[in-house]
Amino acid sequence: MIDWTRTALIFPGQGSQHVGMGADLAERYPEAAATFAEADSVLGFPLSRLCFDGPEADLNDTVNTQPALFVMGIAILRVLNAHLGAVSPRFVAGHSLGEFTALAAAEALTFADGVRLVRERGRLMQQAGEHTPGAMAAVLGLDAATVRDICAAASQQTGQPLVLANDNCDGQLVISGDKAALEAALPLATGRGAKRVVPLAVSVASHSPLMESITPAFRETLAATPFDAPAIPVVGNVGAAPLTSVDAIREELGAQLTSTVRWTESVQYMRGQGIETFIEAGPKDVLTGLVKRIDRAAERVTLNSADSVAAFLAAQIS
């Protein structure tokens with residue numbers, strides 16, 4: 001049995017999507033089917049069909065990926081609530097886009113408003129990528145301080161921005177920014193002992209200064225979106241600490257576009273607060289793997305399919 005007072009519920013960001021996501025869940029659980037149907041109604045197009053059947057290229061468009069992951073996470077949560085009563089983890093958190101799912105899980109944001117908000121976030125980020133294309137790469141085998149040094153050196157060398165975008169775990173970091181600066185960083189990283197540097201197949205330089213052009217518009221959207229204080233503490237990406245007020249939420253989500261996702265520190269913070277188990281609710285198991293690398297002693301549960309949800313529910317109800 002899960003001790004929810006020592007449990008965190010976590011939600012993934014982009015990269016976890018895949019064609020077929022949520023199809024088995026919606027087939028087995030009416031609550032999940034209703035969640036996808038509600039999203040279709042809110043958006044005015046069949047997002048569910050895109051999740052279940054593709055095509056993959058359309059699902060991978062940022063403007064579609066973001067609501068797809070949001071809906072999948074909430075669908076899983078609603079199934080848990082329907083079968084276990086309202087679950088109340090000690091913390092919720094999400095990686096990048098997943099932070100919005102976490103806020104909805106914490107009742108700081110309604111489902112409908114959340115779907116619309118992440119759709120607009122995706123649209124704006126896609127717009128930024130078209131206006132100022134950037135690049136991202138995963139750097140394997142180095143620590144965050146070293147990667148920050150490399151980014152600073154590449155930026156100085158080229159006069160273009162490059163930053164640490166995702167501090168996922170020690171040895172697995174993501175850099176983001178101008179293409180020329182990123183290309184300059186590749187040999188620098190290898191020279192500092194990186195095991196591999198893997199360019200990512202994206203044109204949107206997430207969590208970098210290249211997102212500054214859309215930040216004012218997104219802040220306007222945030223200002224017009226109703227929020228409530230979270231019913232469950234939400235650990236934010238920017239500060240790696242709980243967001244306790246509506247003002248803090250709006251400031252966090254606006255700053256998040258150009259700030260590092262401090263996932264390592266977020267997990268360490270929750271561990272320090274007594275969290276023993278992390279439950280990932282999403283289409284894959286990306287965050288489960290990161291938690292394992294951050295702290296192998298932490299217990300990890302992945303809910304990414306109808307079978308995994310059914311097994312989890314059976315263990316809690318027996």
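Descriptive notes on the structure:
- Cα long-axis angle, helix 30-43 against the chain (0 to 90 degrees, to the nearest 10): 50 degrees
- Helix-only [θ]222 nm of the chain, DSSP H runs n ≥ 4, -39500 (n - 2.57) each, per residue, nearest 500: -16000 deg cm²/dmol
- Equivalent-ellipsoid semi-axes of the stretch 185-318, from the Cα gyration tensor, Å, largest first: 28, 25, 16
- Rounded to 0.05, the FRET efficiency of the Ala86 and Glu130 pair, given R0 = 45 Å and the Cβ-Cβ distance, is 0.60.
- For the chain, the longest principal axis of the Cα atoms and the long axis of helix 215-224 meet at an angle of about 20 degrees.
- In sequence order, calculated HN-Hα J values of the stretch 110-125 (Karplus, 6.51, -1.76, 1.60; Hz; x Gly/Pro): 6, 4, 4, 5, x, 4, 5, 5, 6, 4, 5, 4, x, 4, 5, 5
- Applying the Karplus relation 6.51 cos²θ - 1.76 cosθ + 1.60 with θ = phi - 60° to the stretch 270-279 yields 3J(HN,Hα) values of 5, 4, x, 8, x, 6, 9, 10, 10, 10 Hz, where x marks Gly and Pro.
- A cut-off of 5 Å between modelled amide H atoms, ignoring neighbours fewer than 5 places along the same chain, links Ala241 with Gly236.
- The mean sequence distance of close C-alpha pairs (under 8 Å, at least 6 residues apart), as a share of the length of the chain, puts its relative contact order at 22 percent.
- For Ala201 and Ile317, the difference between the fully extended length at 0.36 nm per residue and the C-alpha to C-alpha distance is 37.5 nm.
- For the pair the stretch 109-181 / the stretch 210-231, the C-alpha centres are spaced 19 Å from each other.
- In plain terms, the chain from Lys292 to Asp149 could stretch by 48.9 nm, reckoned as 0.36 nm per residue minus the Cα-Cα distance.
- When the convex hull of its Cα atoms is projected in every direction, mean area for the chain (nm²): 15.0 nm²
- Residues listed by number, the stretch 126-163, amide nitrogen under 12 Å from Arg219 label point at 7 Å toward C-beta: none
- All Cα-Cα distances of the stretch 135-201, cut into 5 Å bins from zero to the largest, leave 4, 23, 36, 27, 10, 1 percent in each bin in turn.
- As computed over the stretch 1-49, the Cα convex hull volume per residue (Å³): 131 Å³
- Net charge of neighbours whose Cβ lies under 12 Å from the Cβ of Ser259, counting Lys and Arg as +1 and Asp and Glu as -1: -4
Just so you know, all these numbers are worked out from the coordinates, no wet-lab data involved. Keep in mind it's a predicted model, so treat the numbers as computed, not measured. Virtual Cβ from ideal backbone geometry, glycine too; neighbours counted across all protein chains shown.
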